[in-house]
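Some notes on the structure that comes next.
What follows is calculated from the coordinates using simple rules that are stated; it is not laboratory data. Note that the structure is predicted; figures quoted are calculated from it, not measured. FYI the Cβ positions are ideal-geometry reconstructions off the backbone, even for glycines, and counts take in every protein chain you see.
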Amino acid sequence: MCILSNLCQLRRFIVKTMTDFKIARKNMVDCQIRPSGVVNPVLLQSFENVPRELFVPEKLQHIAYSDENIDIGQGRFLIEPITHAKLLQAADLKEDDVVLDIGVGSGYSSAILSNNVAMIIALEVNKRQIDKATRLWERLGFCNIALVESALNSGEEKHAPYTLIVINGAVPEVPDIILEQLTDNGRLITVVKDPSQVFGKAMIFLKDSLGNISSKPLFDTGIPHLKGFEVKNDFEF
């Protein structure tokens, strides 16, 4: 009798927790993302349906839907929902996009992209994060994501060119080798921020049909720098 009672209590707790996270996802969309000007219905649906809490350490699940950057370890983080959603809306996601998603960490960024684009090459170098990402994608049924284990700041030339490149964090500058991996009329979104600054500029880079690159600032944001894009000093003593 005691065992049955404990099982029933556990079941009720699990159901309540799942319901609470579902409500939290809807509140994140209705109270954070949508009021920030994000209107793409497929993108909004992705943010409402992908269980963000699974992509953070268990001890941080209670803040998974807060409007803040969440450190998930090994130099990776989940970008605050408003900034993440505004960047993706600015990228003008298309169902035939082939995307290079750089610095995916535990895989949330690629999961959000999955139902919006055709194919995603997810680039990550940290083995621990890679293992978690692949498990979660399989569990959640995301079949259009291919993970590549490699250094981030060189992109992934083997599968280039890409119609869209996403860099999941702030960088001091976008390496030319990554910009070269865009198709004609391709886009790249990231945040450009000096290492000494708290705030940087969300930027979109565009490659025209002649191969020329232009850039446009979108908004200010304070997301952290993505480890792996540090600028090396030209001179060492």
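What nm value, rounded to one decimal, do you get for the distance between E180 and S214 when each label is placed 7 Å out toward the C-beta?
The modelled label-to-label distance comes out at 2.4 nm.
Beyond 26 Å between alpha-carbons counts as too far, so tell me which of K86/K127; K22/K86; K26/K216; K26/K94; K26/K207; K86/K193 fall in that bin.
Violating the 26 Å Cα-Cα cut-off are K86/K127; K26/K216; K26/K207.
Go ahead and run the numbers for FRET between N27 and S150, Cβ-Cβ distance against an R0 of 45 Å, rounding to 0.05.
FRET efficiency, N27 to S150: 0.75.
With contacts defined as alpha carbon pairs under 8 Å and 6 or more residues apart, what's the relative contact order of segment 2-221 in percent?
14 percent
What number does segment 179-225 give for Rg over Rh if you use C-alpha atoms and the Kirkwood radius?
Using Cα coordinates only, the ratio equals 1.06.
So for segment 79-169, taking the charge dipole from beta-carbon charges (+1 Lys/Arg, -1 Asp/Glu), which of L87, G107, I167 sits furthest toward the positive end?
Towards the positive end, the residue furthest out is G107.
For the pair R128/N49, report the inter-label distance in nm, with labels modelled 7 Å from Cα in the Cβ direction.
Each label point is offset 7 Å from its Cα along the Cβ direction, giving 3.2 nm.
Kindly work out what percent of the DSSP beta bridges joining two residues of segment 2-221 are antiparallel, to the nearest 5.
45 percent
If the elastic network links every pair of Cα atoms under 10 Å, which of Q32, Q181, Q74 fluctuates the most in the Gaussian network model of the chain?
So, out of Q32, Q181, Q74, the one fluctuating most is Q74.
When N is the residue count of segment 2-221, what does its C-alpha Rg come to as a fraction of 2.2 N^0.38 Å?
1.06
For segment 42-116, what is the charge dipole size about the Cα centre, in debye to the nearest 20, if Lys and Arg each add +1 at the Cβ and Asp and Glu each add -1 at the Cβ?
140 debye
For the chain, modelled as a Gaussian network with Cα springs under 10 Å, which listed residue fluctuates most, F47, F142, F77?
Highest fluctuation among the options: F142.
Relative to the Cα centre, what is the charge dipole magnitude of the chain, using +1 at the beta carbon of each Lys and Arg, -1 at the beta carbon of each Asp and Glu, and rounding to the nearest 20 debye?
The calculation lands at about 1120 debye.
Taking Cα atoms, how many degrees apart are the long axis of helix 127-140 and the longest axis of the chain, rounded to 10 and kept between 0 and 90?
It works out to around 60 degrees.
Springs between alpha-carbon pairs under 10 angstrom, Gaussian network model over the chain: which of K22, K59, K216 fluctuates most?
K59
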